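Okay, structure first, notes after.
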Amino acid sequence: ASASASASASGASASGASSWWWWLDGKGEKHGPVPDEALVGFRNSGAVTDKTYVWTAGMANWLLYEQTDLNKKTTATTTTMMMTGKKEPPNGEYCFEDDDGTNYVWDSGLGSYKPVDVGEDLLRTQAAAGEYSIEQMTFGGGGLGDGNENGDGEEEEKKKKMMEEEALHSRTHSSSGAAKRQKIFSSASASSVDVENDRKNEKKKKQDQIEVVTAERERKGKLVNANKLEAALEREREKEKQRVKKNAWVEMSKNTSIYIEGLPADVTVEEMKVFFQKCGVIKLDENSNPRIKIYRDEETGLPKGDGTVTYLKKPSVQLARLILHGVPFREGEASRRLKITEAKFQQKGKVYRAKEKEGKLEMHKKRKQKQKQEQLL
């Protein structure tokens with residue numbers, strides 16, 4: 001029986017097709033089925049040893065791993081890996097199921113995964129697993145079908161019971177090929193899903209980092225642009241202030257005019273010139289006339305009793321307030337006394353209208369006129 005089993009194992013291996021294998025661990029528990037490439041991989045990793053019992057469809061009995069052609073594949077694969085430098089599969093996953101349902105097995109010779117068709121071969125292996133009786137699946141001698149009539153009866157009974165449980169387990173889980181495939185690759189698929197999820201999480205983490213960096217750069221760019229805009233607006237506001245200040249009404253730094261109240265209704269400019277030049281030289285305008293103004297009513301045109309006189313020098317203002325304030329403008333009019341204060345000029349209307357710049361000729365005339373007035377001092 002052992003010889004025929006070895007021949008069957010050799011024939012299954014020599015066919016060139018991917019076979020599906022079961023194996024027993026040290027506790028007598030059955031595992032599989034897995035493709036022969038995966039079982040070879042388990043042997044290389046140490047999960048399966050030369051003394052592990054294995055079985056596939058077409059074998060009459062269970063055989064030790066070293067009694068099958070898989071042992072030759074192990075030696076060839078180890079030699080190929082040493083020559084080519086190929087490594088074992090990532091995370092020790094010799095087989096897994098992809099998201100689209102495709103099953104892959106690790107090829108130690110190629111050093112990469114390759115797709116396998118689990119449908120027909122797997123169902124054939126599962127069906128074959130139910131074709132053998134308990135006696136054929138019983139340990140004995142070099143295999144699991146010799147009977148071993150001279151062995152211990154109690155030990156044989158234990159082995160028989162174990163094989164009955166295995167046969168029941170096989171029949172229970174052979175109802176659906178699709179469900180069986182899912183069970184075979186569940187662990188590998190879960191690991192593959194974890195790897196995919198880690199990859200997606202890492203990708204999302206990098207994308208989040210890129211978005212954070214991009215947002216920070218945009219924020220800094222907007223901040224720089226906002227600062228530049230604010231600086232430009234501030235410069236414009238400052239220019240506008242200077243322009244308004246330049247064109248706005250300002251108090252004269254050197255005011256040499258006095259404001260007079262209590263003048264007679266029929267007063268004349270000549271009278272005012274004679275009266276007020278007692279305190280200093282009266283300034284002349286561009287037409288060489290004394291800068292004396294009598295305010296008149298806008299409707300009647302008659303004098304309102306007040307006016308201004310502009311002196312050439314500032315001290316004349318203080319002198320006029322000192323000696324002319326409170327005295328009558330004409331003798332015999334003691335009831336009408338003058339009130340003299342420093343003149344204060346105000347802007348007329350809401351908009352200030354600055355005088356146009358004078359030409360060189362006008363400026364020259366003013367200088368001559370000023371020199372002439374100063375000569376009178």
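The values are calculated or read from the model by the stated rules, or taken from the named source; none is laboratory data. Quantities reported herein were computed from a predicted structural model and do not represent experimental measurements. Keep in mind that these areas ignore ligands, DNA and RNA; they rest on the heavy atoms of the full protein, side chains included. Shrake-Rupley method; radii C 1.70, N 1.55, O 1.52, S 1.80 Å.
Which pairs, out of Lys273/Lys365; Lys344/Lys368; Lys30/Lys205; Lys239/Lys370; Lys200/Lys228; Lys206/Lys228, put more than 31 Å between their alpha-carbon atoms? Exceeds cut-off: Lys30/Lys205; Lys239/Lys370; Lys200/Lys228; Lys206/Lys228.
Taking a ≥ b ≥ c as the square roots of the Cα gyration tensor eigenvalues, the stretch 204-313 comes out prolate, since a/c reaches at least 1.5 and a/b is larger than b/c. Both numbers refer to the Cα atoms of the stretch 263-332; Rg and Dmax are 12.6, 36 Å. Per-residue accessible area (protein heavy atoms, 1.4 Å probe) orders Met363, Met59 as Met363, Met59, starting from the largest. Using heavy atoms of the protein chains and a probe of 1.4 Å, the accessible area assigned to Trp55 is about 0 Å².
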